[in-house]
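Worksheet: one structure, shown below.
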Amino acid sequence: MDNKTNNQLSIVISIVDIITICISFLLASFIRYGNFDKVPVLAGYIGVLWYFIAVYLLITAFFNYTRRWIELSACTELYYILKKHLYLITFVLIYMFIIRQSDSYSRLQFASFIIIDIVLMFVIHTLLKHFITKFFRRTSYCERVLLITEYAYAEDIIKRTRMTRNWYFRIKGIVIIDKDMKGSQIEGINVIGDGTDYYNIVRLRAFDSVLICEPSLSYKNWETVISQFVNMGIIVHFNLPEYDIKIPAGRKLENIGLFGVVTYGKYEYSFVQQVIKRVMDIVGGLVGMFFFGLAMLIFGPLIKLDSKGPVLFKQLRVGKNGRIFEIYKFRSMYTDAEERKAELMEQNEMQGQMFKMKNDPRITKIGKFLRKTSIDELPQFFNVLRGDMSLVGTRPPTIEEFNNYEPHQRKRISIKPGMTGMWQVSGRSSITDFDDIVKLDCEYIDNWSIAKDIKILLKTIWVVIFGRGAE
């Protein structure tokens, strides 16, 4: 497990343990007094609770108990919990001796608290581990890894990755570089490529990173490969003794399962900032769903009256690192729009992997208004709440567009797509070259911050109010 993932998990465990301490304290108080109304609401009791929490956090930080927490067995887990509470008891007794008020506190409540907290913490830790190892790997947040190796090493590598609780990543495909084995399986995982096509495999499929385990070739032969993967927005885990590859990307030593690797990547986002971004998405999504509901009441009947077809338009789009999801919009085109697209391609005003036409005959009368005001985008707040999209990001391409991407253009889908972004606030109708859109998206990815998201959201509101850049 890399340090970043371990630090994120440590924060989660600490928060859960603080909540557990508070619950245990309340239960112990109930046992002592039989009624919460009888619990003395004294500064001393509240102070002891805060002291419990502070001492617990210090013990956790000083002894580094949360490191490799997910890999601990049940017996080792219980041992560490008992050890932490032994320290906790010692420090609390010292505290009470120093303030000389030990007679003011209930010994029954103190003993009950320790017993309840040990049992409750062990149970919650066990359940949390079960949830993480069983369910997290099925979510879109789990890192999807492509293994690139030789046939002789593939089976052993997969077995070794399964020897640990590798909840944070899954090997979803294998490339065997020294043998054509496409269509077969190794340890239940599909072999999907050979040494000639791994660029296209990463470009066209949903992978977050690649794990290169190939000891027989010189690292110089891999320098170009790693550089191109990084430029595509893919994280590279490189398991070779020689790792002094000089490419313009961050480099760090970490573990993938039992393998020590050098990881290359151009960006690394703060866990706290990612949490804040997700909270912003949830809050913004809830607010947006209110406006979506109002728009549905007003424009739903108008869309039905204007042309035949459903009120909402659904289409498969490509999300973060190739994940496919269904996007929602108010229907602004006739139902045969996709069929008519081929005959209009000669009038495409965009250069590159995108279609845009100023007076598109496929757009309905009400659709022109919906697009001009960006009201057609309101149903996407549902995608934001589901986690398929973010408020701010890069626009999700269609599958057809994505399949025609150049390798460097894939980087724009290395983050979660957004309802708005750099392109939307930079005069989207005036930009006619897809590579210019890619440059704006890459600038956003390389320099992302919460402040930048807020700035783009404010600019988006301004653009929507005055109808600038939308057609």
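Do you know which residues across region 150-166 are at pLDDT below 85 and either open to solvent by less than 90 Å² (accessible area, probe 1.4 Å) or not in a helix (DSSP H, G or I) (or both)? If you could, list the steps in order and put the result at the bottom.
Within region 150-166, the first condition is being at pLDDT below 85, and the residues that meet it are 160-166.
160, 161, 163, 164, 165, 166 - these are the residues of region 150-166 that are at pLDDT below 85 and either open to solvent by less than 90 Å² (accessible area, probe 1.4 Å) or not in a helix (DSSP H, G or I) (or both).
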### Query
Given the residues 385, 391, which is the only one that is within 28 Å of residue 295 (Cβ to Cβ), crowded, with 22+ Cβ neighbours inside 10 Å and in contact (Cβ under 8 Å) with a residue 60 or more places away in the chain?
391
### Subset of region 271-295 that is open to solvent by 60 Å² or more (accessible area, probe 1.4 Å) and under 17 Å from residue 382 (Cβ atoms) - its residue that is farthest from the chain's Cα centre (by Cα)
294
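Of the residues 399, 413, only one is out of contact with any Pro (no Cβ under 6 Å at 6 or more places or on another chain), in contact (Cβ under 8 Å) with a residue 40 or more places away in the chain and crowded, with 18+ Cβ neighbours inside 10 Å; which? First the steps, then the outcome.
Details: 399 fails: crowded, with 18+ Cβ neighbours inside 10 Å.
Answer to the check: 413.
Return the residue satisfying two criteria in turn: it lies in region 370-382 and is over 22 Å from residue 141 (Cα atoms) and polar (S, T, N, Q), and of such residues it is surrounded by the most Cβ atoms within 10 Å (Cβ to Cβ). Steps first, please.
If we filter region 370-382 for residues that are over 22 Å from residue 141 (Cα atoms), which is where we start, we get 370-379.
Right, trim to polar (S, T, N, Q) and you get 373-374.
Numbers: 373: 15, 374: 18.
So, considering only residues that are over 22 Å from residue 141 (Cα atoms) and polar (S, T, N, Q), the one surrounded by the most Cβ atoms within 10 Å (Cβ to Cβ) is 374.
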### Message
Which of the numbered conditions does residue 67 fail, given that it passes all the others? Conditions: (1) within 19 Å of residue 128 (Cα to Cα); (2) open to solvent by 70 Å² or more (accessible area, probe 1.4 Å); (3) at pLDDT 75 or above.
### Response
(3)
### Message
I need a count of the residues in region 183-227 that are over 18 Å from residue 159 (Cα atoms), modelled with pLDDT under 90 and assigned to a loop (DSSP other than H, G, I, E, B).
### Response
10
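The values are calculated or read from the model by the stated rules, or taken from the named source; none is laboratory data. Predicted model, so just to flag it, every value in this text is computed and none were measured. Note that each Cβ is placed from the backbone with ideal geometry, even for glycine, and that neighbours are counted across all protein chains shown. The area values use the complete protein model at the heavy-atom level, side chains included, leaving out ligands, DNA and RNA. Shrake-Rupley method; radii C 1.70, N 1.55, O 1.52, S 1.80 Å.
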